[in-house]
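The values are calculated or read from the model by the stated rules, or taken from the named source; none is laboratory data. A quick note: this is a predicted structure, and the numbers were derived from the prediction, not measured. All Cβ positions, glycine included, derive from the backbone under ideal geometry; neighbour counts span all protein chains shown. Surface areas here come from the heavy atoms of the whole protein model, side chains and all, with no ligands, DNA or RNA. Shrake-Rupley method; radii C 1.70, N 1.55, O 1.52, S 1.80 Å.
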2 protein chains.
Amino acid sequence: MKIDPTNILKEHALKHTKQRVRVLEEIALDTVAISQPELEKKLGKEIDRVTLYRILNIYEDKGILHRIMDMNGTANYAICSSSCSAEHHHDEHIHFNCTTCNKIYCLDVAVPHSTMPKGFTAKTVNTTAYGICEKCNLAVKKN
Amino acid sequence: MKIDPTNILKEHALKHTKQRVRVLEEIALDTVAISQPELEKKLGKEIDRVTLYRILNIYEDKGILHRIMDMNGTANYAICSSSCSAEHHHDEHIHFNCTTCNKIYCLDVAVPHSTMPKGFTAKTVNTTAYGICEKCNLAVKKN
DNA sequence: AATATAAATGCAATATAATTGCATTTATAT
DNA sequence: ATATAAATGCAATTATATTGCATTTATATT
């Protein structure tokens, strides 16, 4: 995914700081979502823990990133598709959480719709499939 | 939901202790999932924090409870339907997470199936809808 | 019913994660 | 060039989870 951090920050009226740029760069490196601890490990020397928290929060608020919780309650972040906004996260796609390598993929698969019971109004629907990802499936075959 | 703690414990070859019974009783009170902090608040006088963690973990392992993470990374617990086992959690239903009261409902709605991309093998699929639950929707209308 | 023993509990200590307050630094509008 | 409003980093705090170990408890056996 090719992103332009400077432009993203401008679009959302956020100050352009090197920490904010670095976070976006790091997350954009992979289409796979990256976890908070991984980010912290990668950026820990350059960016303070607290600052990282704050940057991730503001990015989520603005709809720049979206946050996916894995089964351990760890936050994972991925760049939102361009149609996201602060009001409405367009994260109605399927996440695939590999139980071997723990990576979270954003799958390009339509979310099947299901009707809610009477009285319940759904805003967003999130589907996460747990299983073995392509890479780990291949790794098993090799051994 | 009518459950028999003594029987459940026996079925899973778990020792019958008053703490374990209390946890099951408390969770069975409501069809809605209960969060770890809520449980802790309710049982904190009777059961030690650590013991509670351990009981919840063992119940999850055995397939007696299933754990649903809410968007804050907080664990919520609900009694598994009888078809659950240690090997295979039958949690292929839809959860509804109310963004107002934060409660998580286990909806009795079939999970729509979606096909995984080539190379990905899914074991379980979890769908969570976020929105306003029946109770909170009614509460709004009243005001 | 008494007792051996293996497991569960509770407490203290430790580890890990997240948040808050505040002084300093930095981006940007003028 | 500079004023100022915001972001950062650090220290301290608070919250959450885990580990080790002594004590208690459930249950199988006699």
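Data table
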{"quantity": "Per-bin percent of Cα-Cα distances, the range B:1-87 [5 Å]", "calculated": "3, 14, 28, 28, 19, 6, 1"}
{"quantity": "7 Å along Cα→Cβ, label-point gaps from residue A:10 to other copies, nm, shortest first", "calculated": "7.3"}
{"quantity": "Candidates A:95, A:113, A:16: whichever shows maximal mean-square fluctuation once chain A is modelled as a Gaussian network with Cα springs under 10 Å", "calculated": "A:113"}
{"quantity": "Cross-link table A:2/B:118; A:141/B:123; B:10/B:45, entries beyond 22 Å C-alpha to C-alpha", "calculated": "A:2/B:118; B:10/B:45"}
{"quantity": "Test item: A:64-75 mean partner chain Cβ contacts at 10 Å", "calculated": "3"}
{"quantity": "Long-range amide H partners of residue A:80 with built H, under 5 Å", "calculated": "A:65, A:66"}
{"quantity": "Antiparallel %, DSSP beta bridges [both residues in the protein assembly as shown], to 5", "calculated": "80 percent"}
{"quantity": "Average accessible area per residue (Å²) across chain A - probe 1.4 Å, nucleic acids and ligands excluded", "calculated": "57 Å²"}
{"quantity": "Average other protein chain Cβ within 10 Å of Cβ, residues A:129-138", "calculated": "5"}
{"quantity": "Sparse-neighbourhood loop sites, trypsin sites (Lys or Arg not before Pro) in the range A:28-61 - DSSP loop, at most 14 other Cβ within 10 angstrom", "calculated": "A:45"}
{"quantity": "Average beta-carbon neighbours from other chains, 10 Å sphere, peptide A:113-120", "calculated": "6"}
{"quantity": "Protein heavy-atom accessible area occluded, A/B pair - total, 1.4 Å probe, Å²", "calculated": "2600 Å²"}
{"quantity": "Antiparallel DSSP beta bridges within chain B, as percent of all bridges there, nearest 5", "calculated": "70 percent"}
{"quantity": "Of A:32, A:109, A:140, farthest towards positive along the dipole that unit charges on Lys, Arg, Asp, Glu beta carbons give chain A", "calculated": "A:140"}
{"quantity": "For the protein assembly as shown: rounded, prolate or oblate by the Cα gyration tensor [a/c cutoff 1.5]", "calculated": "prolate"}
